[in-house]
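The structure appears right after this line, and notes come after that.
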Amino acid sequence: MASLDRVKVLVLGDSGVGKSSLVHLICQNQVFGNPSWTVGCSVDVRVQDYKEGTPEEKTFYIELWDIGGSVGSASSIKSTRAVFYNSVNGIILVHDLTNKKSSQNLYRWSMEALNKDSSPTGVIVSNGDYDREQFVENAVPLLLIGTKFDQIPENKRSEVLTRTAFLSEDFNAEEINLDCTNPRYFAAGTSNAVKLSRFFDKVIEKRYFTRDSSQMTGFTDRKRFNFKSLHYD
Amino acid sequence: LCTYHRFIFFFCIQVLFFGFGWLFFMRQLFKDYEVRQYVVQVVFSVTFAFSCTMFELIIFEILGALSSTSRYFHWKLNLYVILLVLIFVVPFYIGYFVVSNIRLLQRQKLLFACMVWFTFMYFFWKLGDPFPILSPKHGILSIEQLISRVGVIGVTLMALLSGFGAVNCPYTYMSYFLRNVTDSDILALERRLLQTMDMIVSKKKRIAMTRRQMYQRGEDQNKQTGFWGMIKSVTSTQTGSENLSLIQQEVDALEELSRQLFLETVDLQATKERIEYSKTFQGKYFNFLGYFFSIYCVWKIFMVKFWSQHISFILVGIIIVTSIRGLLITLTKFFYAISSSKSSNVIVLVLAQIMGMYFVSSVLLMRMSMPLEYRSIVTEVLGELQFNFYHRWFDVIFLVSALSSILFLYLAHKQAPEKHMAL
């Protein structure tokens, strides 16, 4: 497995939304029995059959990088986890359906990860403003996943689903809503499994079969220069 | 100022304090969480408001504002309310939210919350036994009993925090202690971190590949017939799964390494930022303050006292403001470090409890900094507590905390450069 053949997908979201459980479910098809806080970054691998069922079927190994922490972390933590944002081919944004703040924070998460990637010299010029244009013409495929679906009472479901629909429109991404402790959401043949598979196929397609993907190789030629004012108490 | 106007005046100021506590809660503590239980926010703001009112009353005492009878009345009123909040309301709600998080006890939430509260009261009462805080002539249900215990807890907390702060503040801001961190140090660590992640990835790919092959072969396995077919199937799956568990162990070790490298990198980044900050104007200002306060703390250790009213007032004012600010900042950092969406309610209430007890005992200790003529009201209101005990207890804990902090920081500082040598 040459190192050039990597397909890297980030899994971003607030602390406690269930990213680690989700990644485990996607990669191992099993429920994660022992979730604890992710320190730094935890990686898992998913075996994806690109164009399954067709003569062009090929097996790819997709790396899911689950980044721990919150958007309000100290700047030293943010600078450190920025090393994980290099050469990203896809992003999965995870939010907790029972917690509106986690959905709102996704804008900041995506800005943090994408601004790292799109500027060629690696200069972080994020001022926190959300720019819709950037998502429409974005080269990196996004997927929106809402967790803890089972914890929403029946009468609130339509309201929550409307909200997530707006969110997925803003990000120009597909959305999946599920409960990470129940493997049947990703059972073969369900619409969720199809959406997930389609997303990974799209990621692979962008990575290998289109000419305009610009990757940042290596990080010795990356200058990181933080324009944000240093805030220290 | 007639009674009616006086009450309005006090009420308005309390609403102001309440509003400040509310804003602090929303903008700082809970800015990443959704407030689902408004009672938590209300309890926090109420505790904050009544705690701040006590400080306000001390200022009025020194300034001589309002009449002494009205000051005495408001002192008593405020004290009763805050004791009610700290001993009944907050502990009960802490118990209630802790119980809510435990699935088994969901059905009888109120009952279990009451049980937790009674346990708290038992230990709270027992706290009074080993300490000589009351003169024997007090009855069992007097206010002095409650205040004395709250005082012990709060004073211990204050001394621990002050001791640590007295040592940590100069350590943090003084350039002498800062290690020399260059960009290349950080880049080297980051390279190691990414290499470790790459190794984890390649091993996980091998595991996934092996599993897939085993699964596919498993299907063929069922078609194997005959004696040799059976032997082959048994041996190949054995070595397959042995290999897997070996690789999995390597992965576990590498993941632990990656976490350590991540934390070390964060540490280096934080040190680098601290160095850059100390070169700015704000940094230099706090540097100077650091020197100033460390001298003041050393002075305090040797117990030298001022007597003039103006210096006393300014000093008391500074102590109050830096105390509140320092406490709020410490609480916020602590909160970010340990909270999650499940436990955030409980943690905020615990912080409110600590804050309330801290402020109550600040009042007790403030007697130490106040001249004789202003001490009388505090003595009168709080009854005949053995104030000397509190002062001595504070000094002991302060010394212990400061010395342990020095030892701890020295060891941590010594460790750090060696860690990076091993690159």
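The values are calculated or read from the model by the stated rules, or taken from the named source; none is laboratory data. This one's a predicted model, so the numbers in the text were calculated from it and none came from an experiment. Heads up, the Cβs are rebuilt from the backbone with ideal geometry, glycines too, and the neighbour counts pull from every protein chain shown. In case anyone asks, the SASA skips ligands and DNA or RNA and just uses the protein heavy atoms, side chains included. Shrake-Rupley method; radii C 1.70, N 1.55, O 1.52, S 1.80 Å.
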Seminar exercise, completed: Per the list (1) surrounded by 20 or more Cβ atoms within 10 Å (Cβ to Cβ); (2) closer than 16 Å to B:Asn78 by Cα, residue check on B:Leu29 breaks on (2)
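Among the candidates B:Gln224, B:Gln195, B:Gln216, which residue alone is part of a helix (DSSP H, G or I) and modelled with pLDDT under 85?
On the way: B:Gln224 fails: part of a helix (DSSP H, G or I); B:Gln195 fails: modelled with pLDDT under 85.
That would be B:Gln216, the only listed residue that is part of a helix (DSSP H, G or I) and modelled with pLDDT under 85.
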Problem set entry | Only one of B:Leu66, B:Leu57 that is buried (at least 16 other Cβ atoms within 10 Å of the Cβ) and either assigned to a loop (DSSP other than H, G, I, E, B) or within 14 Å of another protein chain (Cβ to nearest Cβ) (or both) | B:Leu66
Exercise. If we scan the range A:90-104, do we find a residue that is at pLDDT below 85, buried (at least 16 other Cβ atoms within 10 Å of the Cβ) and farther than 24 Å from A:Cys41 by Cα?
Worked result: yes
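Please find, among A:Trp109, A:Trp65, the residue that is crowded, with 17+ Cβ neighbours inside 10 Å, within 11 Å of chain B (Cβ to nearest Cβ) and within 28 Å of B:Ile186 (Cβ to Cβ).
Details: A:Trp109 fails: within 11 Å of chain B (Cβ to nearest Cβ).
Matching residue, one of A:Trp109, A:Trp65: A:Trp65.
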For this session: Among the residues of the range A:62-108, write down those that are of a type in the set (Gly, Ala, Ser) and assigned to a loop (DSSP other than H, G, I, E, B).
Result: A:Gly68, A:Gly69, A:Ser70, A:Gly72, A:Ser73, A:Ala74, A:Ser87
For this session: Considering each residue of the range A:76-87, count those that are open to solvent by 10 Å² or more (accessible area, probe 1.4 Å) and touching a residue at least 24 places away in the same chain (Cβ under 8 Å), and give that number.
Result: 4
Exercise. Which condition number in (1) open to solvent by 10 Å² or more (accessible area, probe 1.4 Å); (2) of a type in the set (Asp, Glu); (3) touching a residue at least 40 places away in the same chain (Cβ under 8 Å) is the one that A:Asp49 fails?
Worked result: (3)
Seminar exercise, completed: Given the conditions (1) touching a strand residue (DSSP E or B) at 6+ places or on another chain (Cβ under 7 Å); (2) facing chain B (nearest Cβ under 7 Å); (3) open to solvent by 20 Å² or more (accessible area, probe 1.4 Å), every one holds for A:Thr38 apart from (2)
Problem set entry | Among the residues listed as A:Ala188, A:Ala193, A:Ala173, the single one being open to solvent by 40 Å² or more (accessible area, probe 1.4 Å) and at pLDDT 50 or above | A:Ala188
Exercise. Out of all the residues in the range A:169-186, which are more than 15 Å from the chain's Cα centre (by Cα) and of a type in the set (A, V, I, L, M, F, W, C)?
Worked result: A:Leu178, A:Cys180, A:Phe186
Exercise. With respect to A:Val17, is the statement that it is modelled with pLDDT under 85, assigned to a loop (DSSP other than H, G, I, E, B) and within 13 Å of the chain's Cα centre (by Cα) true?
Worked result: yes
For this session: Search the range B:99-111 for residues being open to solvent by less than 60 Å² (accessible area, probe 1.4 Å) and among the hydrophobic types (A, V, I, L, M, F, W, C), and hand back the single one that is nearest to B:Met357 (Cα to Cα).
Result: B:Val99
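Taking the conditions exactly as written (within 11 Å of another protein chain (Cβ to nearest Cβ) and either touching a residue at least 40 places away in the same chain (Cβ under 8 Å) or within 24 Å of B:Lys205 (Cα to Cα) (or both)), does A:Val31 satisfy them or not?
Working: within 11 Å of another protein chain (Cβ to nearest Cβ): no; either touching a residue at least 40 places away in the same chain (Cβ under 8 Å) or within 24 Å of B:Lys205 (Cα to Cα) (or both): yes.
Criteria not met by A:Val31.
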For this session: State which residue is farthest from A:Thr147 (Cα to Cα) when the search covers only the range A:52-76 and only residues that are at pLDDT below 85 and of a type in the set (A, V, I, L, M).
Result: A:Ala74
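Do we find that B:Val201 is modelled with pLDDT of 75 or more, closer than 21 Å to A:Val43 by Cβ and either part of a helix (DSSP H, G or I) or open to solvent by 50 Å² or more (accessible area, probe 1.4 Å) (or both) in this structure? Before you say what the answer is, go through the steps one by one.
Values: modelled with pLDDT of 75 or more: yes; closer than 21 Å to A:Val43 by Cβ: yes; either part of a helix (DSSP H, G or I) or open to solvent by 50 Å² or more (accessible area, probe 1.4 Å) (or both): yes.
Against the criterion (modelled with pLDDT of 75 or more, closer than 21 Å to A:Val43 by Cβ and either part of a helix (DSSP H, G or I) or open to solvent by 50 Å² or more (accessible area, probe 1.4 Å) (or both)), B:Val201 qualifies.
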